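**Q** Have a look at this one.
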Amino acid sequence: MIKNLKELSITPKRKKLLEILDYGLLQTKSNVVLKSQIKRDGDSLFIQDKLFDLKKYKQVIIIAIGKASGDTCKFLEKILEDKITKGFCIDVSDKKLRLIKNTIGTHPFPSKKNVAFADSVISLVKNLKKDDLVITVISGGGSSLFCMPFDTECEAGIEIFKELTKKGAIIKEINTVRKHLSLVKGGRLAKTIYPATTISLIFSDVPNNDISIVASGPTVKDNTTIKDARDILKKYNIKYKGKMFETPKEEKYFKNVFNFLVCSNKTTLNAMLKKATEFKISAKILSPDLQMNANEAGKFLLKNTKKGELLLTGGETTVKIKEKGKGGRNQHTALSALKYLEKGDVVISCASDGYDYTEAAGAIADDEVIKKVKKLNLNIQEYIDKNDSFNFFKKTKDQIITGKTGLNVSDLFLVYKK
């Protein structure tokens, strides 16, 4: 998964930590995690501990949204090949599907292409009957990839998203606003599918695995209101007087909806813990739900790591954008951590989807970087202030490159103290 693992492995310690990260990513691939959770025996489809009788359904439709959707559709095509009536998938890359039509959407910002995909989905599912089945795949990135209408959710939504991100809003706040700019989020897809049965396979990329936030919860009953969304905009001093939509609250639309959390960063963290044990490295998981400013995350994680221990953490940091540099929250976290390192410490911060708002997935902070800082005469604080972590680590050659991974289970942090 890490394309430049060999180039980055300039010390034995680095090599082992990167191999632990790489193993965790590999064990989070859709085909790996779904193999143990979804089984088929004739007309019996088992998802976790729930049985679905495929004989009951005249149509089986697949709707897949987000960065894990393409790989998941490949898995579903294999086990449901003779049952799939039709399907639509939107991902950030082409997965060469056979039975399900794949759209390469735009991310992190929505576009007319994404709206056209949503239009196709709604046209397909709006007149379904009680004896139809829709299997949805909901994963990170879906908030941008699945959106409508264009004027509200794309044009207005892009600017609001930029402002909320710039001011350090957390994902729950961002997606609460998104739900109320949309006609497909916040349970609206489930309402449109009703009275057919909905099965949702959810890959969580959010803290606390709140499935109502993943891709802004298109199949999950929403408890927020337009007032909540307006209050968030007011909190961050963002002016928007345009249209907002209330999310469906009626219980009947969710009676035949079965939401399954099939993957989260706990999957990745447990896999990394297993690999660390194989390497005879003392390791522990601190939390899957880290939420804090990227400037402070490295300091916090180092403070909570014992000597001789590897600390594994998942979550999502925030960055307040002050300048127009290039970078993402993972590279910013690693860059800020350089100020707090002691000799022998290592901090790795990596976006599981492989895209840290740049072509890099993240970066490493350790003694080797400090040596390069001195040799290249780089000013760490200057790059932090400019929000230019990408160009800093490009100069030191310590970026983690994976390409688009087909995963999205939040960000991953590995911290080792000598």
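**Q** Among the residues of the range 392-401, is any among the polar types (S, T, N, Q), in the same structural domain as LEU301 (by TED's automatic domain parsing) and surrounded by fewer than 18 Cβ atoms within 10 Å (Cβ to Cβ)?
**A** no
**Q** Would you point out which residue out of PRO149, PRO108 is surrounded by 15 or more Cβ atoms within 10 Å (Cβ to Cβ), at pLDDT below 95 and not basic (Lys, Arg)?
**A** That would be PRO108, the only listed residue that is surrounded by 15 or more Cβ atoms within 10 Å (Cβ to Cβ), at pLDDT below 95 and not basic (Lys, Arg).
**Q** So which of ILE63, ILE84 is of a type in the set (A, V, I, L, M), in contact (Cβ under 8 Å) with a residue 12 or more places away in the chain and assigned to a strand (DSSP E or B)?
**A** Every option except ILE63 fails the conditions.
**Q** Of these, LYS130, LYS113, which one is basic (Lys, Arg), over 30 Å from LYS266 (Cα atoms) and assigned to a loop (DSSP other than H, G, I, E, B)?
**A** LYS130
**Q** Now for a different question. Out of all the residues in the range 312-335, is one or more modelled with pLDDT of 95 or more, charged (D, E, K, R) and farther than 22 Å from ASP388 by Cα?
**A** no
**Q** Filtering the range 23-57 down to residues that are assigned to a helix (DSSP H, G or I), of a type in the set (A, V, I, L, M, F, W, C) and touching a residue at least 24 places away in the same chain (Cβ under 8 Å), which residue is nearest to LEU414 (Cα to Cα)?
**A** Here the residue is LEU25.
**Q** Suppose we filter the range 162-210 for residues that are assigned to a loop (DSSP other than H, G, I, E, B) and either of a type in the set (Lys, Arg) or in contact (Cβ under 8 Å) with a residue 60 or more places away in the chain (or both); how many remain? Show your work before the answer.
**A** As a first pass, look at the range 162-210 and keep what is assigned to a loop (DSSP other than H, G, I, E, B): 167-170, 180-187, 194-196, 204-206, 210.
Subset that is either of a type in the set (Lys, Arg) or in contact (Cβ under 8 Å) with a residue 60 or more places away in the chain (or both): 167-170, 180-187, 194-196, 204-206.
Residues flagged as assigned to a loop (DSSP other than H, G, I, E, B) and either of a type in the set (Lys, Arg) or in contact (Cβ under 8 Å) with a residue 60 or more places away in the chain (or both) within the range 162-210 amount to 18.
**Q** Does ASP82 satisfy the criteria of being more than 17 Å from the chain's Cα centre (by Cα), within 18 Å of THR198 (Cα to Cα) and acidic (Asp, Glu)?
**A** no
**Q** Which one of ASP228, ASP210 is touching a helix residue (DSSP H, G or I) at 6+ places or on another chain (Cβ under 9 Å) and more than 30 Å from SER336 (Cβ to Cβ)?
**A** After ruling out the rest, the residue left standing is ASP228.
**Q** Going through LYS221, LYS280, LYS243 one at a time, which residue ends up being more than 15 Å from PHE413 (Cβ to Cβ) and without any contact (Cβ under 8 Å) to a residue 24 or more places away in the chain?
**A** Just one listed residue meets the conditions, LYS280.
**Q** Go through the range 327-353 residue by residue and tally those that are surrounded by fewer than 17 Cβ atoms within 10 Å (Cβ to Cβ) and among the charged types (D, E, K, R).
**A** Of the residues in the range 327-353, 3 are surrounded by fewer than 17 Cβ atoms within 10 Å (Cβ to Cβ) and among the charged types (D, E, K, R).
The values are calculated or read from the model by the stated rules, or taken from the named source; none is laboratory data. Quick caveat, the model's predicted, so the values are computed rather than measured. Cβ: placed from backbone, ideal geometry, glycine included. Neighbour counts: every protein chain shown.
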